[in-house]
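**Q** I'd like to ask some things about the structure below.
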Amino acid sequence: MSTGTLVPAAPAGRWLLRVGPVRVPVRRRPLLVAAALVVLLAVAGVLSLALGTPYVAPADVLRALSGAGTPYDLVVLDLRLPRLVLAAAAGAAFGVAGTLIQSVARNPLASPDVIGITQGAGLAATVALTSGAAAVLVAPAALLGGLAAAAVVLALGARHGLAAQRFVLAGVAVAFALRALIEVVMLTADPIDGLRAQVWLIGTLAGKGWAEAAWIAGTLVVLLPVLLWAGWALNSSSLDDDTARGIGVRPVARRVGLAGTGVLAAAMVTAQVGAVDFVALVAPQLARRLVRAERPPLLCSALLGALLLVLADLAGRRLLAPTQLPAGVLTAAIGGPYLMFLLLRGRRRTS
C-alpha cells in the first residue's frame with residue numbers, strides 16, 4: 001500500500017503531494033498554518049479539560065483521554081469533554097460558513113450574523129421560547145428560521161445573478177428587519193420567557209454537549225463531498241462573470257451552491273448553540289491573513305473557528321468563576337473591535 005509523500009516543487013512555496021501515481025500540487029504555507037492550528041487546538045483542548053473546579057493536571061487529562069483510568073474520568077470525560085467537542089465542532093462549522101459566504105459576497109464583512117441568517121434563527125427560537133413550545137422544538141424552529149431568512153436573502157440577491165453588493169445589502173436589510181421583530185416579540189413576552197430567549201440570542205454552550213455536537217458534526221460529514229468541491233470552486237469565485245463564463249464556469253450556479261452550503265452550515269450550528277456572533281466573521285479573515293492568500297482558505301478557517309470558540313468558551317468559564325459568561329459574550333468582545341478595524345481599514349483604503 002503506497003503512502004503519500006511531499007516533495008518540493010516549482011514554483012517556490014509549493015509542494016507536490018505524491019500518492020502512488022497521483023501527483024497533486026499543494027501550497028506549503030497553508031499546510032504549515034493548518035498544522036500549527038491543529039497543535040494550538042490540541043493545547044487549548046487540554047487546557048479546557050484541565051482548568052476548572054476541580055483542577056485536573058494535564059497529565060491526568062491525557063491519561064483519561066487514553067482510557068488508562070484516573071480518579072478524574074467523570075470530570076474529564078463526562079462533564080468537560082462533551083462541551084469541548086461541541087465548541088470545536090461549532091467553531092469549525094462557523095468558520096466554514098463564514099468562508100463560503102464571504103467568498104460569494106466578495107466582502108470581508110459578510111457573515112451569517114450580518115446577512116440575516118442568525119437573526120432568522122433567533123426570531124424563530126424567540127417565538128418558540130416565548131410561546132410555551134416544548135424545549136425540543138427550539139432547535140428545529142431555529143434551523144427553519146435561519147433557512148427561511150437565507151432563502152429571502154438569496155431570492156432578493158439573485159435577481160441580478162447574485163451580485164456581491166446586492167447580496168450583502170439584501171442580507172443587511174433582512175437582518176435589521178428580523179432584529180426589529182425579535183425586539184417586538186421579546187417586549188410582549190413574559191419576563192421569564194424573555195430572559196430565556198435573551199440567553200439563547202447571546203449564544204451559550206452551557207448545558208449542551210454530545211447531542212448538539214452530533215448534529216453539527218453530522219451536518220459537516222454530510223456536506224463533506226460538497227465542501228471538497230467548494231475548496232476547488234472557491235478558486236474561481238473571485239472572477240468576474242465574463243471571465244468565468246470564458247473558462248466554462250457557470251458563475252451564478254456556483255455562487256448559489258457555495259452560498260447554500262454556507263447557509264446550511266450556519267443555520268444548523270446556530271440552531272444548536274444559539275447566536276454566537278462574530279466567529280464566522282473573524283475566522284476566515286484571520287486565516288486568510290495567516291496564509292497570505294487572496295481568499296479565505298476553507299480548512300484553516302474551520303480550524304481557526306474551532307480554536308476561537310474553544311478559547312472563548314474556556315475564558316467564559318474561568319474569567320469570572322464561578323459565574324459563567326456565555327461564549328457569545330466573549331466572541332462579541334473579540335469581534336466588535338475586529339469589525340471596527342475592518343471598517344477603518346476599508347475607509348483608509350478608500351481615502
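The values are calculated or read from the model by the stated rules, or taken from the named source; none is laboratory data. A quick note: this is a predicted structure, and the numbers were derived from the prediction, not measured. Positions of Cβ are generated from backbone atoms using ideal geometry, with glycine treated the same way; all protein chains shown enter the neighbour counts. All accessible areas refer to the heavy atoms of the entire protein, side chains included, with ligands and DNA or RNA removed. Shrake-Rupley method; radii C 1.70, N 1.55, O 1.52, S 1.80 Å.
**Q** Rounded to a whole number, what % of the accessible area of the range 267-351 do carbon and sulfur atoms account for, probe 1.4 Å? It would help to have the intermediate numbers written out before the result.
**A** Details: 2390 of 3760 Å².
That share works out to 64 percent.
**Q** What distance in nm separates the two pseudo spin-label positions at VAL136 and ARG318, each 7 Å out from Cα along the beta-carbon direction?
**A** 3.7
**Q** Let me ask you something else. Report, in debye and to the nearest 20, how large the dipole of the range 161-229 comes out about its Cα centre when Lys and Arg carry +1 and Asp and Glu carry -1 on their Cβ.
**A** Numbers: 4 positive and 4 negative charges, 45 e Å.
That gives a dipole near 220 debye.
**Q** So, one more: How much length is gained on full extension from LEU228 to LEU144, taking 0.36 nm per residue of separation minus their Cα-Cα distance? Don't skip to the answer; put the middle values down first.
**A** Values: separation 84, 0.36 × 84 = 30.24 nm, distance 2.54 nm.
Going from the current span to full extension adds 27.7 nm.
**Q** Post the alpha-carbon centroid distance, the range 49-101 to the range 181-196, in whole angstrom.
**A** For the range 49-101 versus the range 181-196, the Cα centre distance is 34 Å.
**Q** Can you give the relative contact order of the range 264-339 as a percent, counting alpha carbon pairs under 8 Å and 6+ residues apart? Please list the in-between numbers first.
**A** Details: 71 pairs, mean separation 24.9, N = 76.
RCO, the range 264-339: 33 percent.
**Q** Hey, another quick one. So if we plug the beta-carbon distance of GLU183 and VAL38 into 1/(1 + (r/R0)^6) with R0 = 56 Å, what FRET efficiency do we get, rounded to 0.05?
**A** Details: r = 41 Å, r/R0 = 0.74.
Calculated value: 0.85.
**Q** A further question follows. Placing +1 on the Cβ of each Lys and Arg and -1 on the Cβ of each Asp and Glu in the range 32-156, which of VAL96, LEU74, VAL153 has its Cα farthest towards the positive end of the resulting dipole?
**A** So the residue furthest toward the plus end is VAL153.
**Q** What distance in nm separates the simple spin-label points at ALA211 and LEU344, each placed 7 Å from Cα in the Cβ direction?
**A** Output for this residue pair reads 4.5 nm.
**Q** Here's something else I'd like to know. Separation of the range 289-321 and the range 122-158 by C-alpha centroid, Å?
**A** Cα centres, the range 289-321 to the range 122-158: 26 Å.
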